[in-house]
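Presented below is the structure to which this report refers.
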Amino acid sequence: MSSDIQAFRAVLRESRNIIAVAGAGLSAASGIPTFRGPGGFWRTYNAVDLATPEAFEENPSRVWQFYHYRREVVKKAQPNPAHLALGLLSIPKHRQLIAPNTTFTLITQNIDGLSTRALHHIDPTTESKVIEMHGRLMETICTACGERKSNDDSPICPALAGTEDLVANRFEADIPLEELPRYPAPCKGLLRPGVVWFGEEILHTEKIDSIVNAADLILVVGTSSTVYPAAGYAQQVSDNGGKVAIFNVDPPDEEDSEESQDDFYFMGPCEETLPMALF
Ligand code: BV8
């Protein structure tokens, strides 16, 4: 396992199909709490327990307050240097400088849209796309007609206004169903956040499978690699003879370091290590 930047750059140059799989650590420097860090809780709930269809079914008022809170956090957030580094790698004319004659695809587990915003900061005309495999916070799906729509209203409905302030609102509101986000008339169906919950199939699954199978280098950026299927992509690339580069603040796991598939390990905040390793 190496953190030799020159060796990593040589691998970048000799690769053909590069991918990155990103997690909450990519957006940490933008002020967005990670799942398994201190911010992984909202009120007394573990984020993972609220990101399920069952939680929404049981208490849509609570789940909508959780997602409204995260929408308001994201609206105040800006892409950080790690988003921008991946954005530059996504755009062929910039990628040419460090990895000529390669393809690059960013697959993100994050729903904050910051990687897409970074891309458009760099080049508003770019055709490059980020694969947002767990959906988007700023989209909704109608539970009645199934329509998926972009929605970055703040607040998304009057009843949620101010509920993001957990100090002013010490007690969780109990918002009646009819006051939660609804699809416009005549449908008026209850909306749900446009994200993939645990137990639901990820988006773009066939496209991701073919891209991961073709990859000969994977950058694993800011993820605990605990949620599948994303957590399995690095092993898949390694099994296919490809190389793995980890960018994480945590040190490598001791117990599995001997047989770990990691060829490179850049320990530190990815907003520093990623730009340094790539450019
Ligand atoms: C599915 C959207 C099947 C919502 C999320 C085996 C195979 C397949 C599935 C399973 C399986 N085993 C179990 C499952 C089920 C489940 C799963 O994986 N469970 C886990 C808990 C075991 N998977 C699913 O349910 C998936 N669906 O498989 O469907 C299917 C197939 C066909 C038909 C029907 C069904 C769907 C999972 C998607 C869930 N939705 N998000 C929302 O966000 O609210 S998951 C959510 O949690 C995130 O998107 C992300 O994926 C995950 C959190 O992980 P991380 O992003 O890694 O964040 P975390 O905080 O854990 O770690 C942060 C890391 O960053 C840390 O390592 C930290 O050290 C590091 N870090 C921090 N700061 C920095 C940093 N690193 C660098 N720089 C820094 N500055």
Accessible surface of ARG43 - all protein chains present, 1.4 Å probe, nearest 10 Å²: 60 Å²
Nearest-10 value in Å² for the accessible area of THR125, using the 1.4 Å probe: 100 Å²
Part-to-part distance (alpha-carbon centres) for segment 180-204 and segment 139-160, which is given in Å: 7 Å
Where the chain is the region considered: accessible area per residue in Å², 1.4 Å probe: 48 Å²
Distance-filtered residues of segment 56-81 - backbone nitrogen under 20 Å, label point 7 angstrom along SER154 Cα→Cβ: 64-81
Distance between segment 61-75 and segment 79-123 - C-alpha centres, whole angstrom: 26 Å
Nearest-10 value in Å² for the accessible area of ARG136, using the 1.4 Å probe: 100 Å²
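If you roll a 1.4 Å probe over segment 1-66 with all protein chains in place, what percent of the accessible area is carbon or sulfur? List each step's numbers first, then the result.
Details: 1510 of 2970 Å².
Roughly 51 percent, rounded to a whole number.
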Solvent-accessible surface ranking, highest first, for ASP49, ASP209, ASP262 at 1.4 angstrom: ASP49, ASP209, ASP262
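As a test, work out the antiparallel percent of DSSP beta bridges whose residues both lie in the chain, rounded to the nearest 5.
30 percent
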Accessible surface of segment 149-279, 1.4 Å probe, proportion on carbon and sulfur as whole %: 52 percent
Label point distance in nm, PHE198-SER238, each placed 7 Å from Cα along Cα→Cβ: 2.5 nm
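With runs of 4+ DSSP H residues as the only contributors, calculate the mean residue ellipticity of the chain at 222 nm using -39,500 (n - 2.57) per run, divided by the residue total and rounded to the nearest 500.
Values: 10 runs with 88 residues, N = 279.
Only helices count here, giving -9000 deg cm²/dmol.
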Amide N proximity, segment 1-36 versus MET276 label position 7 Å along Cα-to-Cβ, cut-off under 13 Å: 3-6
Sequence-distant residues sharing a close amide H with SER2 (under 5 Å, placed H): PHE264, TYR265
For segment 129-279, projected area of the alpha-carbon convex hull averaged over all directions, nm²: 13.0 nm²
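The values are calculated or read from the model by the stated rules, or taken from the named source; none is laboratory data. These figures come from a predicted structure and were not determined experimentally. As a convention, Cβ positions derive from the backbone with ideal geometry for all residues, glycine included, and neighbour counts pool all protein chains shown. When the accessible area is computed, the model is the full protein with side chains, heavy atoms only, and any ligands, DNA or RNA have been set aside. Shrake-Rupley method; radii C 1.70, N 1.55, O 1.52, S 1.80 Å.
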